[in-house]
Amino acid sequence: MARTGMSVRTDMSLRTAIMIAVAWSVVVYLPSLGNGFALDDTGDIVENTTVHGLANTGAILTSPYRGRVPAGRSPYRPLTSLTYALNWSMGSGSTLPFHAFNVALHATNTALVTVLLTTLGATPLLALLGGAIFAVHPVHVEAVANSVGRGDALMALFVLLGTLAYLGRFRSEWARVGLVALAYALALAAKENGIVLPALLVLLSLLFAGPSVRAEPEIDARAQPNIPALPAQLPLFAALAGVLILYLAVRYQVLGTLFHRDAAPYIVSLPTSLRLSTAVANVAEFARLLLFPADLAVDYGPGVILPVGIGALRFWVGGAVLLAVALLAVWSLRRSPWIAVGLVWIAISLAVVGNVFFPIGVWVAERTLYLPSVGISLLAVGLGEYVLGFLRESRPRLGGIAVGAVTLLVVLGGARTWTRTAVWRDTDAVFRTLAEEHPEAYRAQWWMGMRLIDAGDQAQGVEWLRQAVGVNPNELGLQLDFVRGLLLTGRSEEALVIVSSLPPTDPARDVYLTQSHIQLDQPDRAREAAQQGLARFPEDARLRRQARELAAESR
């Protein structure tokens, strides 16, 4: 249709919608092509020789994702690691292939989101709205502009492909089952968060099967997706269960555990009740980031987010948001399945990263919102459908204003994303931005303290580290750096008290314990500490040097 009484054209083709959305997704991330490696890129890529070329494919498939930590503390993400190896082989460690791959991956996902929306019954115009919002959403920056953020985007790629295969029409039902199962296996191999795919498929079957979708001729005259009833899907879900069991078996073989122990110390140390109350409080933060991502942070650890009990206002705000989402989802079931599906899609994909079922490595991380943000695109279609209907019936002359408002929204989101990509230029840029935007973050205070110590201002640096320890006393690395700073400023007794209380799980603890005794002129205790450290870490060069020097002095 060209026009139906309103001043907004709705005769856009799907190809045009995809091209525009993809163009947005590429343009806003062009600055990221100049980024280097930052933060976890160093350990997961630069120092991880296993991913330095495709010749190591066999080792990648049978190794933990992070080679620098014990297997039980590492995830298992062989597909993501294989893409690192591919990029490394393309540039011998150059960062351009990594960032170009991420931009291309995001562009592909943007196209798939646009196609998914039309497959579910949206017009190309409304699919463009949802696709463009996904393309420029600022919360995606960490997943796209930072190399190791790729795991979430790669996992989302196969979740989207599996969803489209599920909604597709095939001559053979087994072809559909096979494609969905393959996509599920690849999603899990990219990142364990892909485990939610079956739940998302059930959601679509319940709310988008047959006539449950409102198809108004003026808005969408195309056929709705033909999703069979759930009982007919038993072979498919049995295949997905088989994929999950096989994945867990391989994961257990590689890691020695089904659930890797990579939880943040400041989370895992909390009582379950406090972790859950904080998870409820964080619902409001997730909602803010998805709907109004003006204030972003590269780290949402202590200082930015602190644990709260049920008596805190933040808990009740999060609970109110959770209740409002549930009520809105129920209310919209018959009025706008788009809204109901969008809300439940967000809830399902956030459940595994919200510290509800088990503690994870962060309270909140923007990269983990990549897949949940597809729900925002679904919500946008539902809202756009309502607005188009209202304009046709009551205010056709306001169509141009509506288009202008949407365009402004996309432009503002794109501008925020464009400028935000520079945060991930390198590790120093990451922490400098965190210190500027969220000086209350313990990681910002930690970084500032180390920077001052390295610059020669040990006294001031130690005070910054003391402040960081006060915000987060459960971070072993922070405590060790604090002890090092104390030793550099001659505060040996204070250093000894702190280092003696730390668990002997890091050789630096024994190194600093030995050094504390040396500075306090306690050679016998220093020798004892060095020998105990060597018994735990016989290959540590620092402990071996200390032991040699102490033995020479005792002769």
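So in segment 230-270, with the set limited to residues that are over 30 Å from E475 (Cβ atoms) and polar (S, T, N, Q), which one is farthest from the chain's Cα centre (by Cα)? Residue satisfying both the conditions and the ranking: Q233. Hey, among the residues in segment 247-306 that are surrounded by 18 or more Cβ atoms within 10 Å (Cβ to Cβ) and among the polar types (S, T, N, Q), which one's farthest from L409 (Cα to Cα)? Among those residues, the one meeting the criterion is S277.
Where helices (runs of 4 or more DSSP H) fall entirely within segment 414-530, those with at least 2 residues that are modelled with pLDDT under 95 and over 22 Å from the mean Cα position of the chain (by Cα) are at 442-454, 458-471, 476-488, 492-500, 507-519.
Residues that are in a helix (DSSP H, G or I) and surrounded by fewer than 18 Cβ atoms within 10 Å (Cβ to Cβ) were ranked within segment 206-224; the one that is modelled with the lowest pLDDT is S212. Here F101 passes the criteria (1) under 25 Å from P138 (Cβ atoms); (2) open to solvent by less than 20 Å² (accessible area, probe 1.4 Å) except the one numbered (2). Being in a helix (DSSP H, G or I) and either free of Cβ contacts under 8 Å to residues at least 40 places away in the same chain or out of contact with any Cys (no Cβ under 6 Å at 6 or more places or on another chain) (or both) is a property that A263 lacks. Filtered by the rule that a residue be in a helix (DSSP H, G or I) and open to solvent by less than 20 Å² (accessible area, probe 1.4 Å), segment 331-342 gives S332, P337, W338, A340, V341, G342. Summed over segment 356-371, the residues that are part of a loop (DSSP other than H, G, I, E, B) and either surrounded by fewer than 24 Cβ atoms within 10 Å (Cβ to Cβ) or modelled with pLDDT under 85 (or both) give a count of 9. From the list R68, R15, the lone residue that is open to solvent by 30 Å² or more (accessible area, probe 1.4 Å) and part of a helix (DSSP H, G or I) is R15. Scanning segment 71-98 for residues that are surrounded by fewer than 20 Cβ atoms within 10 Å (Cβ to Cβ) and over 18 Å from the mean Cα position of the chain (by Cα) turns up A71, G72, L82, L86, S89, M90, G91, S92, G93, S94, L96, P97.
Residues in segment 35-48 that are out of contact with any helix residue (DSSP H, G or I) (no Cβ under 8 Å at 6 or more places or on another chain) and either open to solvent by less than 10 Å² (accessible area, probe 1.4 Å) or assigned to a helix (DSSP H, G or I) (or both): G43, V46.
The values are calculated or read from the model by the stated rules, or taken from the named source; none is laboratory data. Quick caveat: nothing in here was measured; it's all calculated off a predicted structure. Methodologically, a virtual Cβ is constructed for each residue, glycine included, from the backbone with ideal geometry; neighbour enumeration extends over all protein chains shown. Please note that ligands, DNA and RNA were not included when accessible areas were found on the heavy atoms of the full protein model with its side chains. Shrake-Rupley method; radii C 1.70, N 1.55, O 1.52, S 1.80 Å.
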